[in-house]
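One structure is given here, and the rest of the page talks about it.
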Amino acid sequence: MTHIITSLCVRDRGCIDVCPVECMIPGQPLNEWPWIYIDPDTCIDCGACVPECPFAAIFPEDEVPSAYTAKGGEYISNVGLTGHFEGTNHHGGPIVLDTARQLEAGEVIDLTPDIQPNYEFFKSGPGYSAKDIDDGK
Ligand code: SF4
Ligand code: SF4
């Protein structure tokens, strides 16, 4: 199994440093790969990243919710969305996303389609080479 980062990820980067096998990679370019992605072949399912995420975006693969009920005010970020999100990441750097949408309280969304991009990022996407062009955002 593996852990999965979902579209609740807004690139806070709080998770990356704690991963003992360094398998969490910031996506690039942002409009195609807006999250941080977990390499399913390398993740050892230790769970260390989960409590580090202030946005509760990380789940064991078999616990990714198919009916996530929004608290209201949180953002999802995904390819094709056009809303704007700005913030400050775990290292004090800027977060600027133009693939975001703010959720309304009680809105129910299926996060299971977010599983596959974690696989695709390493199969057909940039994978570990995205580290070479990582700009810290
Ligand atoms: S801590 Fe959460 S929001 Fe931040 S990069 Fe990791 S998964 Fe994304
Ligand atoms: S569960 Fe452990 S090994 Fe997997 S991504 Fe999180 S910190 Fe890394």
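Some observations on this one:
- In the range 4-23, the residues that are of a type outside the set (D, E, K, R), within 10 Å of ligand 1 (Cβ to nearest atom) and open to solvent by 10 Å² or more (accessible area, probe 1.4 Å): Cys9, Cys15, Ile16, Val18, Cys19
- Top-ranked residue in the range 31-50 [being modelled with pLDDT of 95 or more and either in a strand (DSSP E or B) or more than 10 Å from ligand 2 (Cβ to nearest atom) (or both); ranked as surrounded by the fewest Cβ atoms within 10 Å (Cβ to Cβ)]: Asp41
- For Gly80, the requirement of being under 23 Å from Val18 (Cα atoms), of a type in the set (Gly, Ala, Ser) and touching a strand residue (DSSP E or B) at 6+ places or on another chain (Cβ under 9 Å) is not met.
- All positions within the range 104-137 that are without any contact (Cβ under 8 Å) to a residue 24 or more places away in the chain and under 24 Å from Pro65 (Cα atoms): Pro113, Gln116, Glu120, Lys123
- Beta carbons closer than 8 Å, at least 6 apart along the sequence or on distinct chains, pair a first residue in the range 21-46 that is farther than 16 Å from Asn89 by Cα with a second that is away from ligand 1 (no atom under 15 Å from the Cβ) and part of a strand (DSSP E or B) for Asn31/Asp98.
- Residues that are in a strand (DSSP E or B) and either within 16 Å of ligand 2 (Cβ to nearest atom) or open to solvent by less than 50 Å² (accessible area, probe 1.4 Å) (or both), drawn from the range 60-109: Pro60, Tyr68, Ile76, Ser77, Gly83, Phe85, Gly87, Ile95, Leu97, Thr99, Ala100, Ile109
The values are calculated or read from the model by the stated rules, or taken from the named source; none is laboratory data. In this text, all values refer to a predicted model and were calculated from it rather than measured experimentally. Glycine gets a Cβ as well: all are built from the backbone with ideal geometry, and neighbour counts include every protein chain shown. Surface areas here come from the heavy atoms of the whole protein model, side chains and all, with no ligands, DNA or RNA. Shrake-Rupley method; radii C 1.70, N 1.55, O 1.52, S 1.80 Å.
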